[in-house]
Structure formats: C-alpha cells, structure tokens
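Every number in this text was worked out from the coordinates using simple rules, so none of it is lab data. Since the model is a prediction, treat every value here as computed from it, not as a measurement. Cβ sites come from the backbone with ideal geometry, for glycine too, and all protein chains shown count toward neighbours.
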Amino acid sequence: MSHDGIKIVSAEEARRDASQEQMKLPVEATTPLKIRVMKTEGTGVEIDWKDGHKSAWNFAWLRNGCPCATCHEERGKSGRVPGEAKPRAQALLMMYEAPPRPVEVTPVGKYAVKFKWNDGHEAGIYSWEYLRKVCQCAECKAKADLM
C-alpha cells in the first residue's frame, strides 16, 4: 500500500531492499563497453561491461523484468521476481499471444535504455545498474542465490 510517497512493506521486503542498496557496484561493473540489441532477430540484448563481464537477456525476460513502478508494484503484490512471467489463466482454448518484442529501442542519456514493447508498454527505463544487478549468467545467479 502506498500513499504520498510512503510505502508499507514487510520486514522481509525491507531486508531485501536494504541488501540491494548495500550492493553498490563499481563504476566499471555498470558501464557498458559494447551493447547489442538483436531487435531484428528477436532474440534479446547482450552487454559487454568495462570490467570484462558479459550479460545477456532474452526479450521475454526483459519485458517480465520491467523496472517501471507499475510492473515493480505488481510483481511485489504477486510475489514474482524480475523476469518471472505472470501466471496465465487456464482456459479451454488458449489464445495466441505474440512473444514480447521491442518495437523501438531508445538510449536514455548515458545511463539506460528504454524499450517500447509490442504490447504497448513503454514506461520502463532499464538502467545499466539495474541490468547488471539482474544479470542472468550462471556466475551472477549463483551469487544471487547465496543472498
């Protein structure tokens, strides 16, 4: 529940948020050296970081991990983590849903990238720091599991 900038959270959410705040990354870890957005191929985004690390995300993960306030709050209410898809309602006949793809990709200053998705959503600004913190490589996932 939020009101005028006040957000009431559980003790676990507060601990998780505090540990993420303490996890400030060095500048080299959040500065991209090379960014590849495979929009035409429809596969995803790859980033080579200044510290030598490489990260990759598919478009479905990025759409489900949208960092905008609306998506973040919705994930919090349902207990999902960034990148985890919403559960689909069970129906006798499942309707086709096009896979997430960006219609537009726009740099935001020198600190982020913004996607306009084929479902019309375009509120999320994916900062380099956010993307590095949600890196999907085995090494980063293993570190996240230890926390």
Q: Consider the candidate values [x] 153; [y] 110; [z] 88; state which one is volume of the Cα convex hull per residue in Å³ computed from the structure displayed.
A: [x]
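In percent, how large is the relative contact order of the chain, given Cα pairs closer than 8 Å and 6 or more residues apart? The partial results should precede the final answer.
On the way: 170 pairs, mean separation 25.4, N = 147.
Relative contact order, the chain: 17 percent.
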**Q.** Anchor Lys54: lysines whose Cα lies under 28 Å away (excluding residues fewer than 8 positions away in-chain)
**A.** Lys24, Lys34, Lys39, Lys86, Lys110, Lys114, Lys116, Lys133, Lys141, Lys143
Q) Mean residue ellipticity at 222 nm from the helices of the chain, using -39,500 (n - 2.57) per DSSP H segment of n ≥ 4 over the full residue count, to the nearest 500 deg cm²/dmol? A) -8000 deg cm²/dmol
Q) Roughly what would the spin-label model give for Lys77 and Leu25, points 7 Å off Cα along C-beta, in nm? A) 2.9 nm
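Can you list which of the trypsin sites (Lys or Arg not before Pro) found in the range 63-147 are DSSP loop residues with at most 16 other C-beta atoms within 10 Å? Walk me through the intermediate numbers first.
Details: sites: Arg63, Arg75, Lys77, Arg80, Arg88, Lys110, Lys114, Lys116, Arg132, Lys133, Lys141, Lys143; in loops: Arg80, Arg88, Lys110.
The qualifying sites are Arg80, Arg88, Lys110.
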